[in-house]
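Only one structure is covered here, and it is reproduced in the block below.
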Amino acid sequence: MAQYYFTVAYLPQLFYDTEKPFLNTVRFLTLCGETLHRRDILLVQKTKLTGFDQSEPINELLLNWHRFEITLRNELVNLRAHKRGKDPYEWLKEVQEVLGLSSIARDAFNEDNPLQAEDMLNRVRWKYFDDLESGHYFDVEKLQVYYLRLQLLERKALFDKEKGYSRFEKIRSEKLKSANLRLWEEGFS
């Protein structure tokens, strides 16, 4: 198993509450391309926060990450489907479940603010990254977890309260106009 002392030592430490990470995913993958063995570069590149391709061979860390994320998403699917009176089974993905995620999903589902709900889920993911990283100090698994963290931070940086509120107001305004127009038209029918 290859050890990447220089590569890991070069990387700045990441914190969940960081506004924007010093290093982005493109620069990280470039660094990996310069310092990792080819098979390990490919493994890091297959490490995705979402959009898993389970047909490709992957390592145990990725299998555990996929199980965790799919279980969490399945729990959310169950909650959303039951709220709408639908059968969730057509949207569920088959996976060996990770225990203990149903209460976390329920807490996020019951959160009124979607941004807060997403933050709750992201913090749980971040904590799980700590678990995945345990015992990995300078190996490819350490770099895979680092890449997952970078992807999460980049995704989190896309959330902008002002833009979100502006978009919400635009949609709300359009819906109100549409509803008022329908009421007005019905008044003349």
Among Ile171, Ile41, Ile104, whose mean-square fluctuation peaks in a Gaussian network model of the chain (Cα, cutoff 10 Å)?
Ile171
Rounded to one decimal in nm, the spacing of the 7 Å Cα→Cβ label points at Asp131 and Val26 is 3.4
Please enumerate, by chain and number, the lysines with C-alpha under 23 Å from the C-alpha of Lys156, excluding those fewer than 8 residues away in the same chain.
Lys20, Lys46, Lys48, Lys127, Lys142, Lys170
Over segment 40-123, relative contact order from alpha-carbon pairs under 8 Å, at least 6 apart, %
24
Compute the relative contact order of the chain as a whole-number percentage, counting only Cα pairs closer than 8 Å that sit 6 or more residues apart in sequence.
32
Run the simple label-point estimate for Lys86 and Ala9 please: 7 Å along Cα→C-beta, distance reported in nm.
5.3
Net charge near Ser134: determine it from the other residues with C-beta under 11 Å of the C-beta of Ser134, scoring Lys and Arg +1 and Asp and Glu -1.
-3
Neighbour-count ranking [beta-carbon atoms within 10 angstrom, fewest first] of Trp91, Trp65, Trp184, Trp126
Trp184, Trp91, Trp126, Trp65
What nm value, rounded to one decimal, do you get for the distance between Arg123 and Lys161 when each label is placed 7 Å out toward the C-beta?
1.5
What translational diffusion coefficient, in µm²/s and rounded to a whole number, does the Stokes-Einstein relation yield for the chain at 37 °C and a viscosity of 0.692 mPa s, taking the hydrodynamic radius as the Kirkwood radius over Cα pairs?
171
What is the distance in Å between the Cα centres of segment 84-117 and segment 1-43?
31
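Rule-based calculations on the coordinates, nothing more; no lab input. This one's a predicted model, so the numbers in the text were calculated from it and none came from an experiment. Cβ atoms come from the backbone with ideal geometry, glycine included; neighbour counts cover every protein chain shown.
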